[in-house]
Amino acid sequence: MARNIQSLCISADTKIIDALEKLQETGIGILVLTNKHGQLQRTVTDGDLRRMMLTGRSLSDTLEGLDTTDPVYEEEAIDVNRALAAMDLHQVDHLPLVNTNGVPTDVLLRREIDKKLLLSTPHLGDQEMKFVSEAFRSNWIAPLGPNVDAFEQELAAHVNIGHAAALCSGTAALHLALNILGVAPGDTVFCSSLTFIASAAPVLYQRATPVLIDSDPATWNMSPVALAKALESAKQSGQLPKAVVVVNLYGQSADIDEIQLLCDPYGIPVIEDAAESLGATYKGKSSGTLGRMGFYSFNGNKIITTSGGGMLVSDDETLIKKARFLSTQAKDDVPWYEHSELGYNYRMSNVLAGIGRGQLRVLEDRVASRRAVFERYQQELKSYRAISWMPEADYGRSTRWLSVGLISPDHRLSAKEIIASLSNEGIEARHVWKPMHMQPIFASYARFPHFEDTFFADTAFANGICLPSGSNMTADQQMRVVRVLQSLLSDH
Ligand SMILES: *Cc1c(COP(=O)(O)O)cnc(C)c1O
């Protein structure tokens, strides 16, 4: 229940002074008048009490005589959209709910329910404006400037890596990484299949061929079993991949040591897609720093954001210098505009880098909040067998960028139905990523499953659900999600 409804209930023999005191205590601006059977008679507001006083009643009189003829209320099963419509119809901001016996069970407040609860929204700290203002003050609005250099250095120091290039998106970072490794038409690149399209699309930008690798149910990340099968097949066909792009899904690092153990004998470089895992660790090291190159994203929904942006990182300075060069149109080092190579306009702007510098300072807080959100879901829903959670591997700390679970296939509602019901309550939940091997655009490319001939990624997509996980979601807001989930996850 949203609130202790008893604390809002009064009866006709309550004195006006006591009603006023109760209004003061409960602080939501409304009381519920009930009869001797505990049934709803009407709501009582400050205004109702004031009007009684103006007609000559005194503070010690009771509420006897208040008109109870046309009370506004709804059945407790009402969903948020219908409740809002009812409030509009009656021009009220409070709506009491009653059970089948007419006994009040809750009061909905417009200010609490009319805000849609989103999956993951930007959460600014208090220093971003300082760096952005500096950029404006010093007239460094041109693409390059001190914030870009400082953001690169500060991020590299934070994750403990040698070098970083600030770019306009995570997608651009991966595109440059593949370009720098020389990925070209005719090459293959192995990619995690259970991910967002941006982890694989840049392979097609380079006109190379993606090969899609399933996930391990223990980590939801690239399955070493599936990878071994793919490498064996590549060896037999005489064409090893030019690179392996490994995703750290929903903030959890892949088991990178196992993957490197398979790739190292062939000298195949590993690129870590750490778009969702900035702040995560793997065996004590920062997620994203373990491959030949790694990249982060600062898109609006990520753990920290610059509204849009990305960072390519590596311990190899030549790779990062090349990325900076390619990201600024590959301009040769002469006094005029001369180009011997094809470049891109992929650099991060100095203003956005200012936001990033502020955000980096609250990264650890954001990780702690996301993890607390996940723990609250787990705690509040622990008695519901219908949901199981994405596991956290014991080799490191996940950021729990999103709180993700699997709905049991024998539950009375499917993941899809639960997502739709949450949406009717003004709560945004999403499906787990639809795997790349199920995407029409990747239909013709080879794929390798974790199991004999079935994919774990298929199960994750069919039954998976991502819940609102923002670091700025309040405990009250999250409990709203929890209460709806409790009714959807119950066995009847
Ligand atoms: C967000 C994301 C990207 C792309 O990052 P952008 O900055 O949005 O281009 C790549 N991979 C994964 C797994 C992501 O979640």
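The values are calculated or read from the model by the stated rules, or taken from the named source; none is laboratory data. What you see is a predicted model; the values in this text were computed from it and never measured. No Cβ is skipped: glycine too gets one built from the backbone with ideal geometry, and neighbour counts run over all protein chains shown.
For every residue, the table says whether it meets (1) within 16 Å of the ligand (Cβ to nearest atom); (2) part of a helix (DSSP H, G or I).
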residue: ASP88; (1), (2): no, yes
residue: ASN101; (1), (2): no, no
residue: ARG111; (1), (2): no, yes
residue: THR121; (1), (2): yes, no
residue: ASN147; (1), (2): no, yes
residue: ALA157; (1), (2): no, yes
residue: ALA164; (1), (2): yes, no
residue: ALA172; (1), (2): yes, yes
Search result, residues across the stretch 462-474 that are in contact (Cβ under 8 Å) with a residue 60 or more places away in the chain and out of contact with any helix residue (DSSP H, G or I) (no Cβ under 7 Å at 6 or more places or on another chain): CYS466, GLY470, ASN472
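Residue by residue, here is whether (1) more than 23 Å from GLY405 (Cα to Cα); (2) surrounded by fewer than 19 Cβ atoms within 10 Å (Cβ to Cβ); (3) in contact (Cβ under 8 Å) with a residue 40 or more places away in the chain holds:
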position: PHE190; (1), (2), (3): yes, no, yes
position: THR195; (1), (2), (3): no, no, yes
position: VAL203; (1), (2), (3): yes, no, yes
position: ILE213; (1), (2), (3): no, no, yes
position: ALA218; (1), (2), (3): no, yes, yes
Selected residue (criterion: farthest from the ligand (Cβ to nearest atom)) from residues of the stretch 261-278 that are buried (at least 22 other Cβ atoms within 10 Å of the Cβ) and under 19 Å from TYR445 (Cβ atoms): ILE271
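Taking the residues in the stretch 243-260 that are assigned to a helix (DSSP H, G or I) and closer than 15 Å to ALA218 by Cβ as candidates, determine which candidate is nearest to the ligand (Cβ to nearest atom). So that I can check it myself, show each step before the final result.
Of the stretch 243-260, the ones assigned to a helix (DSSP H, G or I) are 249-251, 256-260.
Pick out the ones that are also closer than 15 Å to ALA218 by Cβ and you get 249-250, 256-259.
Working: LEU249: 7, TYR250: 9, ILE256: 15, ASP257: 20, GLU258: 20, ILE259: 16 Å.
Here the answer is LEU249.
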Close pairs from the stretch 309-323: first closer than 12 Å to GLU152 by Cβ and outside any strand (DSSP E or B), partner of a type outside the set (A, V, I, L, M, F, W, C) and modelled with pLDDT under 95, Cβ under 9 Å, at least 6 apart: GLY309/SER349
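Let's see how each residue does on (1) under 30 Å from ARG370 (Cβ atoms); (2) surrounded by fewer than 15 Cβ atoms within 10 Å (Cβ to Cβ); (3) more than 16 Å from the ligand (Cβ to nearest atom); (4) at pLDDT below 95:
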{"position": "LEU312", "(1), (2), (3), (4)": "yes, no, no, no"}
{"position": "GLU317", "(1), (2), (3), (4)": "no, yes, yes, no"}
{"position": "PHE325", "(1), (2), (3), (4)": "no, no, yes, no"}
{"position": "TRP336", "(1), (2), (3), (4)": "no, yes, yes, no"}
{"position": "HIS339", "(1), (2), (3), (4)": "no, yes, yes, no"}
{"position": "TYR344", "(1), (2), (3), (4)": "no, no, no, no"}
Among residues of the stretch 220-248, those that are aliphatic (A, V, I, L, M), within 25 Å of SER297 (Cα to Cα) and without any contact (Cβ under 8 Å) to a residue 60 or more places away in the chain, counted: 4
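Output the residue which, of all residues in the stretch 426-441 that are buried (at least 21 other Cβ atoms within 10 Å of the Cβ) and not small (Gly, Ala, Ser), is farthest from LEU249 (Cα to Cα).
Narrowing the stretch 426-441 to residues buried (at least 21 other Cβ atoms within 10 Å of the Cβ): 427, 429, 432-433, 435-437.
Still in the list and also not small (Gly, Ala, Ser): 427, 432-433, 435-437.
On the way: ILE427: 23, VAL432: 10, TRP433: 10, PRO435: 12, MET436: 14, HIS437: 16 Å.
Top of the filtered list is ILE427.
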Members of the stretch 183-200 that are touching a strand residue (DSSP E or B) at 6+ places or on another chain (Cβ under 9 Å) and of a type in the set (Gly, Ala, Ser): GLY186, SER192, SER193, ALA198, SER199, ALA200
Boolean, THR306 is within 26 Å of ALA368 (Cα to Cα), under 19 Å from the mean Cα position of the chain (by Cα) and more than 16 Å from the ligand (Cβ to nearest atom): no
Among (1) closer than 30 Å to LEU231 by Cα; (2) crowded, with 18+ Cβ neighbours inside 10 Å; (3) under 25 Å from the mean Cα position of the chain (by Cα) - the single one TRP401 does not satisfy: (1)
Condition met for SER120 (at pLDDT 90 or above, small (Gly, Ala, Ser) and within 30 Å of VAL362 (Cα to Cα)): yes
From SER215, SER192, residue being modelled with pLDDT of 95 or more, in contact with a Leu (Cβ under 8 Å, 6 or more places away or on another chain), within 24 Å of ASP316 (Cβ to Cβ) and not aliphatic (A, V, I, L, M): SER192
Sole exception among (1) away from the ligand (no atom under 16 Å from the Cβ); (2) touching a residue at least 60 places away in the same chain (Cβ under 8 Å); (3) of a type outside the set (Phe, Trp, Tyr) for ARG207, by number: (2)
Any hit, the stretch 379-386, residues being surrounded by fewer than 18 Cβ atoms within 10 Å (Cβ to Cβ), touching a helix residue (DSSP H, G or I) at 6+ places or on another chain (Cβ under 6 Å), of a type in the set (Gly, Ala, Ser) and not in a helix (DSSP H, G or I): no
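So which of VAL32, VAL44 ends up being within 22 Å of VAL103 (Cα to Cα) and in contact with a Lys or Arg (Cβ under 9 Å, 6 or more places away or on another chain)? Working first, answer last.
On the way: VAL44 fails: in contact with a Lys or Arg (Cβ under 9 Å, 6 or more places away or on another chain).
Going through VAL32, VAL44 in turn, just one is within 22 Å of VAL103 (Cα to Cα) and in contact with a Lys or Arg (Cβ under 9 Å, 6 or more places away or on another chain): VAL32.
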Looking only at the stretch 386-398, and only at residues there that are more than 18 Å from the chain's Cα centre (by Cα) and touching a residue at least 24 places away in the same chain (Cβ under 8 Å), the one that is nearest to PHE461 (Cα to Cα): ILE387
